[in-house]
Each structure stands twice: as C-alpha cells, then as structure tokens.
Amino acid sequence: QEWFARFTAPDIANNGVFHTDLNGYNFDTHHFRSDMPIQSQVFPMPTHASIEDDKKRMTILSEHAQGTASLEEGSIDIWLDRRLNQDDNRGLGQGVLDNVPTRTRLRVVIETKGFDDSRSPEFQITPFCKQQWKELNHPLEMFGTNSDKPLDTLDLGVSVDKETTRS
C-alpha cells in the first residue's frame with residue numbers, strides 16, 4: 001500500500017518529461033515509458049520535481065527527500081508513505097514499512113515566465129524557486145521577551161557589549 005499526492009496542471013503539456021534534482025544543484029531529466037512498470041518510473045526527489053512546456057512550469061518543493069513520478073500528462077506524483085508486505089528484492093529481506101509519522105511540507109510553484117533559458121541545454125531552477133525552497137527549509141525564527149527592560153539589562157546568560165549595541 002502506498003500513499004501519494006498528485007498535483008495536476010492540465011494545461012502543461014510535458015510530453016512525459018519531468019525533472020528532479022540530484023542534490024539541490026544538479027538536475028536529472030526523466031522520460032515516462034509506458035512499457036515499464038510503475039515501480040521503475042519513481043525517482044528520488046531530494047528537494048524538487050518539475051514539469052514544463054514552452055508556456056508554463058509547475059515545480060513541487062519539499063523540505064525533505066521523497067519519491068516522485070510523472071505518471072500522467074501534466075501531473076507530478078509525490079510519494080508520502082510506502083508499505084510493501086512482500087520483499088522488494090533490494091537487500092532488506094523483508095517488506096518495507098515506513099511506519100514513523102513524518103510531517104511533510106510542500107510548496108507548489110506555477111511559473112509563466114523566467115524559466116525558459118534557451119542559452120543552456122540543461123534544466124535549471126529559477127531564482128524564485130530557489131528563494132521559495134530556502135524559505136521552506138530555513139524559515140525565519142523570531143524570538144522575543146515579555147520584559148519591559150532594555151535587552152542589554154536582561155540576564156540572558158550571555159554578556160552584551162554595551163558599546164557595540166549602541167552603534
């Protein structure tokens with residue numbers, strides 16, 4: 001039994017081609033093959049998966065690695081949970097049970113411009129998608145205090161140089 005989320009953009013004609021990253025910097029292009037089983041169509045997605053045509057691009061950004069595929073035209077499938085009762089013959093010698101609950105946060109980005117770089121034959125992620133991925137994986141953390149005292153007079157367990165805090 002497997003759980004996945006399917007994101008569709010019916011107006012994107014990707015012709016069975018989709019892209020995943022290898023390490024956040026290098027990208028791989030995959031082609032759907034109807035003569036192969038579904039299991040061979042699922043690829044690792046460390047940070048993102050993308051489909052595009054000459055007018056639009058849809059990118060799914062993830063905060064952690066997942067499996068992904070593009071099994072239908074204009075869609076990206078993201079595997080959320082995998083359970084196999086039988087051995088998959090990949091060395092474990094038993095079924096696969098991902099039985100630890102995991103929070104999954106995804107962002108869907110639809111772009112209509114800025115992604116068609118005809119100067120480069122390789123797939124590249126846009127600066128906007130890079131920024132969205134950084135915000136997803138490294139969110140802004142805010143800290144505060146309930147005290148009315150100035151910060152340099154609070155006992156925080158660290159020393160504060162009054163000269164540098166006033167400059």
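Table for the structure above
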item	result
Yes/no for Glu63 being in contact with a helix residue (DSSP H, G or I) (Cβ under 6 Å, 6 or more places away or on another chain), of a type in the set (Asp, Glu) and touching a residue at least 24 places away in the same chain (Cβ under 8 Å)	yes
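A quick yes/no check of all residues on (1) modelled with pLDDT of 60 or more; (2) in contact with a Cys (Cβ under 8 Å, 6 or more places away or on another chain); (3) surrounded by 10 or more Cβ atoms within 10 Å (Cβ to Cβ):
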residue: Asp116; (1), (2), (3): yes, no, yes
residue: Gln124; (1), (2), (3): yes, no, yes
residue: Phe128; (1), (2), (3): yes, no, yes
residue: Asn137; (1), (2), (3): yes, no, yes
residue: Glu141; (1), (2), (3): yes, no, no
residue: Thr145; (1), (2), (3): yes, no, no
residue: Lys149; (1), (2), (3): yes, no, no
residue: Asp161; (1), (2), (3): no, no, no
residue: Thr165; (1), (2), (3): no, no, yes
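The values are calculated or read from the model by the stated rules, or taken from the named source; none is laboratory data. Computed from a predicted structure; not experimentally measured. Heads up, the Cβs are rebuilt from the backbone with ideal geometry, glycines too, and the neighbour counts pull from every protein chain shown.
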